[in-house]
Structures are given as structure tokens and as C-alpha cells.
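Structure first, commentary second.
Quick note: the coordinates plus some simple rules give every number you see, no bench work behind them. Bear in mind the structure is a predicted one, so any value in this text is a computation, not a measurement. Virtual Cβ from ideal backbone geometry, glycine too; neighbours counted across all protein chains shown.
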Amino acid sequence: MSGGRLDGTRVLAIVTNYGVEQDELIVPVERLREDGADVEIAAPTREPVRTLVGDEKPGEVVDPTETLGEVDPARYDLLLIPGGALNADHLRMNDDALEIIKDFASSGRPVAAICHAPWTLAEAGVVQGKNLTSYASLRTDLRNAGASWEDSAQVTDTNGYTLITSRTPADLDPFVEAIERELTPA
């Protein structure tokens, strides 16, 4: 699509090949693409990504455009990390994913994480001093990692690097709107 307000913007979504929450991947990707952003999806392998609904029911299958090991983070303007308990748990154990997260945070580029995805941020060591939200069961883990956790539909923290977070698929509208605001040229 051309003529969108996000033309020329590049977004990287990182996921595992099994277990990403369907709507937390598909809704932001589709909406950002409709606005003209170029959104790539990276997974550990080039095998299809099997999404889940509610961490249990099979969802849509999505083809990744590159592997986590092939990613050059410098090519992207924003990092999107969808949730899903399985996705986040496996992603936080993937060295390539952790390096991508650290690259975005250290360079000051924005990161958007929803639901269980902030688990990966804690593992990467990039939540110290950040104000954020997540799926409620992560609150203690995130506080123990040095973050300030709040129960809000969407939280944006601009200290150091911009971090956009939301709790669940029910918060996708404010989550995607915050991403669009961050990426829209002033």
C-alpha cells in the first residue's frame, strides 16, 4: 500500500514458530501495513508460524519473512513483540531474539510489547527503571527486574528508549494507536 502516513517506516515483529497469540501478531501487522509501514516477521526458522488463540486453540498460520539470526536490527524503526505465554517463554530463551531487543533498547529505537512479551524484555535486561504493563501474572517478575508495573490498557515510557506496552488482546486498539503515534512523523 502506498500513500499511508507510515510510508517508509520499517517494523520488525519477532516471534517463535509456535505459540504466538494470533491477534497480538496479526492485528498490529495488518493495521501497520494498512498505514503504509513495511512490516517483517522474524522467527527462529523459516517454517510457518502457528499462532494460537488464548494460548491453546490453533490459530492462523503466518509465513515469516526472515529468521531471527538473519535480522539486521539497524534496518528497522520499531520492534514489535507479540505475546502468548509459549511465544514469550521460548523467545526469552533465544539468544538472537535477546540480542535484537538489546540492540533496539541501546540505540534508543522504540519497542512495543504486549501481554506476556515483556518477559523477553526482562530477560534481555532492558526494563530497569521503566514504567510498563503486561499480562497480570508477570507483574512480580517485572518488578523484580526493576520495572514499575501498572494495571493499565496501555503504558508508554520514554525514559531512555520508548517502550509501548499493553496487557491483553482486549487492549489492542490503544496498543496499536500508541505504536502509530510513535511512528507518525511530526
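If neighbour count is taken as other Cβ atoms inside 10 Å, put Val127, Val39, Val49, Val61 in order from fewest to most. Don't jump to the answer; show the numbers that get you there.
Working: Val127 29, Val39 21, Val49 26, Val61 11.
Ordered from fewest to most neighbouring Cβ atoms within 10 Å, Val127, Val39, Val49, Val61 come out as Val61, Val39, Val49, Val127.
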List, largest first, the extents of the alpha carbons of the range 51-95 along their principal axes, each in whole Å. 35, 21, 17
Going by C-beta contacts inside 10 Å, put Leu6, Leu80 in order with the fewest on the left. Leu6, Leu80
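Among Ser107, Ser148, what is the fewest-to-most ranking by other Cβ atoms within 10 Å? Spell out each step's value before the answer.
Values: Ser107 10, Ser148 14.
So the ranking, lowest neighbour count to highest, is Ser107, Ser148.
Express the relative contact order of the chain as a whole percentage, based on alpha carbon pairs under 8 Å and six or more residues apart in sequence. Provide the component values of the computation, followed by the final result.
Numbers: 440 pairs, mean separation 36.1, N = 186.
Contact order relative to length: 19 percent.
Based on Cβ point charges of +1 for Lys and Arg and -1 for Asp and Glu, what charge dipole magnitude is obtained for the range 10-183 about its Cα centre, in debye rounded to the nearest 20? Don't jump to the answer; show the numbers that get you there.
Values: 15 positive and 32 negative charges, 91 e Å.
My answer is approximately 440 debye.
Which whole-number value in Å³ per residue fits the convex hull of the alpha carbons of the range 10-183? Walk me through the intermediate numbers first.
Numbers: hull volume 15.9 nm³, N = 174.
Cα-based convex hull of the range 10-183, divided per residue, equals 91 Å³.
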